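Engineer: This is the structure, below, for whatever I ask next.
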Amino acid sequence: MALLTWDSSYSVGVKTMDGQHTRLFDMLNELHAAMMKGQTDGLTGKLLNKLVNYTKEHFRAEEAMMAASRYPGIERHRAKHRELTKQVEAFVTKFEKGEGMVNIQLMSFLRDWLTTHIQQEDKEYGPWLNKTFVGK
C-alpha cells in the first residue's frame, strides 16, 4: 500500500514542478515499501540517500525558477527548504551511525512535510511562475 498517492489536489500548476513532486512521492513510497518489508539497512539506506539527494536537486530547481521570475516569496521559501534539509540531514547522519532507524514516525514526518509544503508553500508560487514560464 502506498504511503502517498498523487492527485490533482497536489498540483501547483507548474508542469516541471508537478513532475518533480510526483517523483518525490514515488521515492517516498519506495522508501516506505522497503521499511514495511524490513529491508532496513541495505536498501533503505540507499533509498533514503536517493530521496535526500533528489529533494536537494528539486529545491535547487524550484529556487532557480523562483529567482528567474523574481518571485517575491523566495527568501521565505528558501528558509523552509533549508529547515527541512537540516532536519533530514541530521536524521541521515544518525541513521548512518546506526543511531536512528527508518520508522513510521520518520515516514509520517516526511509525508506530512511534503504534502503540507506542496499544498501551502508551493501552491503560492504557481500563479507567479506561470506568468513568467507559462506552465513549463
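Engineer: Starting from region 60-119, pick out the GluC sites (Glu not before Pro) whose DSSP state is loop and whose Cβ has at most 11 other Cβ atoms within 10 Å.
Structural biologist: Taking region 60-119 and a limit of 11 other Cβ atoms within 10 Å, the loop GluC sites (Glu not before Pro) found are 99.
Engineer: Which value, in Å² rounded to 10, gives the accessible area of residue 24 with a 1.4 Å probe and all protein chains present?
Structural biologist: Accessible surface of residue 24 is approximately 10 Å².
Engineer: Same structure, new question: Could you give the Stokes-Einstein D for region 23-75 in µm² per second, using the C-alpha Kirkwood radius, 20 °C, 1.002 mPa s?
Structural biologist: 172
Engineer: Starting at the first residue of region 97-112, write each ³J(HN,Hα) from the Karplus equation 6.51 cos²θ - 1.76 cosθ + 1.60 with θ = phi - 60°, in whole Hz, x for Gly and Pro.
Structural biologist: 8, x, 9, x, 9, 6, 9, 5, 5, 5, 4, 5, 4, 4, 4, 5
Engineer: Compute the relative contact order of the chain as a whole-number percentage, counting only Cα pairs closer than 8 Å that sit 6 or more residues apart in sequence.
Structural biologist: 41
Engineer: So, in Å, what gap is there between the alpha-carbon centers of region 54-76 and region 86-136?
Structural biologist: Measuring centre to centre over Cα atoms gives 14 Å.
Engineer: Oh, and also: Please give the charge dipole size of the chain, origin at the Cα centre, charges +1 on K and R Cβ atoms and -1 on D and E Cβ atoms. Round to the nearest 20 debye.
Structural biologist: In debye, rounded to 20, the chain gives about 280.
Engineer: Moving to a separate point now. Filter the cross-link list 50/131; 80/131; 46/131; 15/94 down to pairs whose alpha-carbon distance in this structure exceeds 30 Å.
Structural biologist: With Cα atoms farther than 30 Å apart: 50/131; 46/131; 15/94.
Engineer: Further, regarding this structure: In deg cm²/dmol, rounded to 500, what helix-only [θ] at 222 nm does the chain give when every DSSP H run of at least 4 residues adds -39500 (n - 2.57) and the total is split over its residues?
Structural biologist: Theoretical 222 nm ellipticity from helices: -24500 deg cm²/dmol.
Engineer: First compute the accessible area of region 12-70 with a 1.4 Å probe, then give the percent of it belonging to carbon and sulfur atoms.
Structural biologist: Solvent-exposed carbon and sulfur of region 12-70 make up 53 percent of the total.
Engineer: Expressed as a fraction of 2.2 N^0.38 Å, the rule-of-thumb size for a compact globular protein of N residues, what is the C-alpha radius of gyration of region 76-117?
Structural biologist: Here the answer is 1.23, to two decimals.
Engineer: With a cut-off of at most 11 other beta carbons within 10 Å, and DSSP calling the residue loop, which chymotrypsin sites (Phe, Trp or Tyr not before Pro) in region 5-36 qualify? Please list them.
Structural biologist: Of the chymotrypsin sites (Phe, Trp or Tyr not before Pro), not one in the loops of region 5-36 has a Cβ with at most 11 other Cβ atoms within 10 Å.
Engineer: Say each of residue 83 and residue 36 gets a label point 7 Å from the Cα, pointing the same way as Cα to Cβ; how far apart are those two points in nm?
Structural biologist: Using points 7 Å along Cα→Cβ, the separation is 3.0 nm.
Engineer: Same structure, new question: Using θ = phi - 60° and the Karplus curve 6.51 cos²θ - 1.76 cosθ + 1.60, what whole-Hz ³J(HN,Hα) does each residue of region 21-26 get, with Gly and Pro shown as x?
Structural biologist: Ordered by residue, 3J(HN,Hα) equals 5, 4, 5, 4, 4, 4 Hz.
Engineer: Further, regarding this structure: Going by a ≥ b ≥ c, the root eigenvalues of the Cα gyration tensor, does region 1-128 fall in the rounded group (a/c under 1.5), the prolate group (a/b larger than b/c) or the oblate group?
Structural biologist: Prolate, since a/c reaches 1.5 and a/b exceeds b/c.
Engineer: Skip the ligands, DNA and RNA, and give the accessible area per residue of region 37-136 with a 1.4 Å probe, whole Å².
Structural biologist: For region 37-136, the solvent-accessible area averages 58 Å² per residue.
Engineer: Would you be so kind as to identify which of 72, 115, 19 lies farthest towards the positive end of the dipole of region 1-124, taking Lys and Arg as +1 and Asp and Glu as -1 on Cβ and the Cα centre as origin?
Structural biologist: 72
Engineer: For region 1-40, what is the per residue volume of the convex hull drawn over the alpha-carbon atoms, in cubic angstrom? List each step's numbers first, then the result.
Structural biologist: Values: hull volume 2.0 nm³, N = 40.
Dividing the Cα hull volume of region 1-40 by its residues yields 50 Å³.
Engineer: Here's a follow-up. Using DSSP to call loops (not H, G, I, E or B), can you name the trypsin sites (Lys or Arg not before Pro) in region 1-107 whose Cβ has at most 16 other Cβ atoms within 10 angstrom?
Structural biologist: Here the trypsin sites (Lys or Arg not before Pro) that fit, given the DSSP loop and packing criteria, are 37, 70, 97.
The values are calculated or read from the model by the stated rules, or taken from the named source; none is laboratory data. The model shown is predicted, which means the values in this text are computed figures rather than measured ones. Counting neighbours? That spans all protein chains shown, and the Cβs are built from the backbone with ideal geometry, glycine included. For accessibility, only protein heavy atoms count, side chains too; no ligands or nucleic acids. Shrake-Rupley method; radii C 1.70, N 1.55, O 1.52, S 1.80 Å.
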